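Student: Here you go, one structure.
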Amino acid sequence: MRPGRFRARTWELIPAAWVLFIAASVTAQIPGGRFDRQVQAYVRNGDFSGSVLVAKDAHVLFQKSYGMANYEWNIPNSENTKFHIASVTKTFTAAAILHLQQQGKLKLSDPLSKYIPDFLNGERITIEQLLTHTSGLPDFYSLPEYPIKKYQPVTLLDLIAWIKTKPLEFLPGSKSSYSNTGYGFLAYIVEQASGKPYEEYVAEEILKPAGMKETGTFRDDTLIAERATGYQPALGDHGLRNARSYDKTILTGSASMYSTTNDLYLWCRALQSGKFADLRQAAYGWNARETRSKHNYVEQDGREPGFVSHVSLFPDDQLMVIVLGNLEDAGVNVLAEDLAAIALGENPEMPARRSTTAALARPEQFVGTYEVNPKLLLDIRAEGDALYLRGTGGDYLPLEPTKNDSFFYRQLYVKVGFRRDKSGHVEALMWNGEYPCKKLSDKPRP
């Protein structure tokens, strides 16, 4: 008897349900182990705690959770854990705007002045420019008042009143600059055009039709079942600390939502079907990208104190990658790229095992303020024998020493070095080892 025929007769003797179970198990095991090994390499380095999902051709290739939703109580992350998805919120805001256009309640060419009549230069700014970050509105994260305002309630009307006092950064339509402010304004337009609160409209017109029951507005003071606790990188045995709570009303429309990997899978399926938007035509709320192997995709990632998120959609390959984390470490973006590469049949490198050196000698020599550009300054301060770095509007988080004058900054998943002058004094910070940031002061800003 030929081997092929023998195998066929053998399968016939097995109940159909078991055939499906065994086939699914084999399918999952083949790519799953490779996915898992890649994620585990990030977990090993202390760069990931959260949940991942990879699906292709309407089939989930891999889904697994790592680390703890709450480290104090040893509650593990799971596919049902709810994470703050930060800027992935923008994909829902954009979908709400497009849905309102389909309902005939607005046009993308409408000027901002139609909804905020007394906004200076509002007649020059269109809804489409708000969607594409070409409006010229300054990003509220970069404004000097933000470090204080983040701990205060800032409603959409408060945000508008605040931004009214600021000049445009450039002529609308002339440049592109990422602006969370623009998506806050879009949330206000959703309210004005629909006659409903932003949260209510998104829940009724976007989430419900997509079948998403575990997605909503993230608030620290709201009881949210199975919500993860957010953590930030720290030095010491545990490698993390509790993220500070802050008032998240300012994030409405730009970074205000929570979700699960399961719900975002439903969201991606809805988008792949063209239910809310044609991402091949205009990926509003997303960023268009291309892999090194020339695969086109759109992505949106997010980062807020204690949380990171990344969602990628490959329309031509019917592939989606979802990574949600409750450790504020931008390695999530590189991890998502790796998972996509594996799903596309490629073999990305494993991240190298990272180790830190002993206690830092003379940390005070690195302390000061460094300039990335006039609107983005970096501050470094010393605490004992350790160094901590913050960007504009951010928190001080540790620089982990790797060798002489070299560090790793887990929050943004980047190497940080320092350049010295001929006398040996530190004169510049080298971002990712190559981009020089001039030292402006030997003291950090207050």
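Student: From the P(r) of the stretch 87-175, can you give the percent of Cα pairs sitting at distances over 15 Å?
Tutor: Numbers: 2547 of 3916 pairs.
For the stretch 87-175, the share of Cα pairs beyond 15 Å comes to 65 percent.
Student: Separate question: Based on the mean of other beta carbon atoms within 10 Å per residue, what is the order of 398-410, 288-300, most packed first? Walk me through the numbers on the way to the answer.
Tutor: Details: 398-410: 19.1, 288-300: 14.6.
With the highest mean Cβ count within 10 Å placed first, the list reads 398-410, 288-300.
Student: Looking at 109, 163, 334, which one has the Cα that reaches farthest to the positive end of the dipole of the chain (charges on Cβ: Lys, Arg +1; Asp, Glu -1)?
Tutor: So the residue we want is 334.
Student: According to the Cα gyration tensor, what semi-axes, each the square root of 5 times an eigenvalue, does the equivalent ellipsoid of the stretch 83-343 have, listed from largest to smallest in whole Å? Could the numbers behind the result be given before it?
Tutor: On the way: eigenvalues 146, 108, 67 Å².
Semi-axis lengths for the stretch 83-343 are 27, 23, 18 Å.
Student: A follow-up question, please. Roughly how big is the chain's charge dipole about its Cα centre, with Cβ charges of +1 (Lys, Arg) and -1 (Asp, Glu), in debye to the nearest 20? The partial results should precede the final answer.
Tutor: Details: 51 positive and 51 negative charges, 172 e Å.
My answer is approximately 820 debye.
Student: Now for a different question. Where a ≥ b ≥ c are the square roots of the eigenvalues of the C-alpha gyration tensor, would you call the stretch 199-306 rounded, which needs a/c under 1.5, or, failing that, prolate if a/b is larger than b/c, or oblate? Write out the running numbers ahead of the final one.
Tutor: Values: a/c = 2.21, a/b = 1.34, b/c = 1.65.
Note, shape of the stretch 199-306 comes out oblate.
Student: Using only helices, what value at 222 nm comes out for the chain when you add -39,500 (n - 2.57) per DSSP H run of length 4 or more and divide by the total residues, to the nearest 500 deg cm²/dmol? Display every interim value, and only then the final one.
Tutor: Working: 10 runs with 115 residues, N = 446.
Calculated from helices alone, the mean residue ellipticity at 222 nm is -8000 deg cm²/dmol.
Student: Sorting check: for 314-325, 112-123, which peptide has the highest mean count of neighbouring beta carbons within 10 Å, and how do the rest follow? Don't skip to the answer; put the middle values down first.
Tutor: Values: 314-325: 22.7, 112-123: 15.8.
Taking the mean over residues of other Cβ atoms within 10 Å, the ranking is 314-325, 112-123.
Student: Is the stretch 363-441 rounded, prolate or oblate when judged by the Cα gyration tensor, a ≥ b ≥ c being the square roots of its eigenvalues, rounded requiring a/c under 1.5 and prolate requiring a/b larger than b/c?
Tutor: Since a/c stays below 1.5, the shape of the stretch 363-441 is classed as rounded.
Student: Under 24 Å between alpha carbons, and skipping anything fewer than 8 positions from residue 175 in its own chain: which lysines qualify?
Tutor: 90, 107, 114, 164, 166, 375
Student: Now for a different question. So for each of 377-385, 76-84 I average, over its residues, the number of other beta carbons within 10 Å; can you give me the resulting order with the highest mean first? Can you show the working numbers first?
Tutor: Numbers: 377-385: 17.1, 76-84: 21.0.
Result, highest mean Cβ count within 10 Å first: 76-84, 377-385.
Student: Could you tell me whether the stretch 121-274 comes out rounded, prolate or oblate from its Cα gyration tensor? Rule is a ≥ b ≥ c as square roots of the eigenvalues, rounded for a/c under 1.5, then prolate if a/b exceeds b/c, otherwise oblate. Display every interim value, and only then the final one.
Tutor: On the way: a/c = 1.78, a/b = 1.18, b/c = 1.52.
Because a/c hits 1.5 or more and a/b fails to exceed b/c, the stretch 121-274 counts as oblate.
Student: With the Cα gyration tensor of the chain in hand, give its eigenvalues times 5 under a square root as the equivalent ellipsoid semi-axes, listed largest first in whole angstrom. Kindly include the intermediate steps, with their values, before the conclusion.
Tutor: Numbers: eigenvalues 275, 212, 75 Å².
Over the Cα atoms of the chain, the semi-axes work out to 37, 33, 19 Å.
Student: How large is the dipole of the stretch 363-441 about the Cα centre if only Lys and Arg carry +1 and Asp and Glu carry -1, each at its Cβ, rounded to the nearest 20 debye? Don't skip to the end; give the middle numbers.
Tutor: On the way: 11 positive and 11 negative charges, 48 e Å.
Roughly 220 debye, rounded to the nearest 20.
Computed from the coordinates by the stated procedures, all read-outs in this text should not be read as laboratory data. Remember, it's a predicted structure, so these values are computed and weren't measured experimentally. Backbone-built Cβ (ideal geometry, glycine too); neighbour counts: all protein chains shown.
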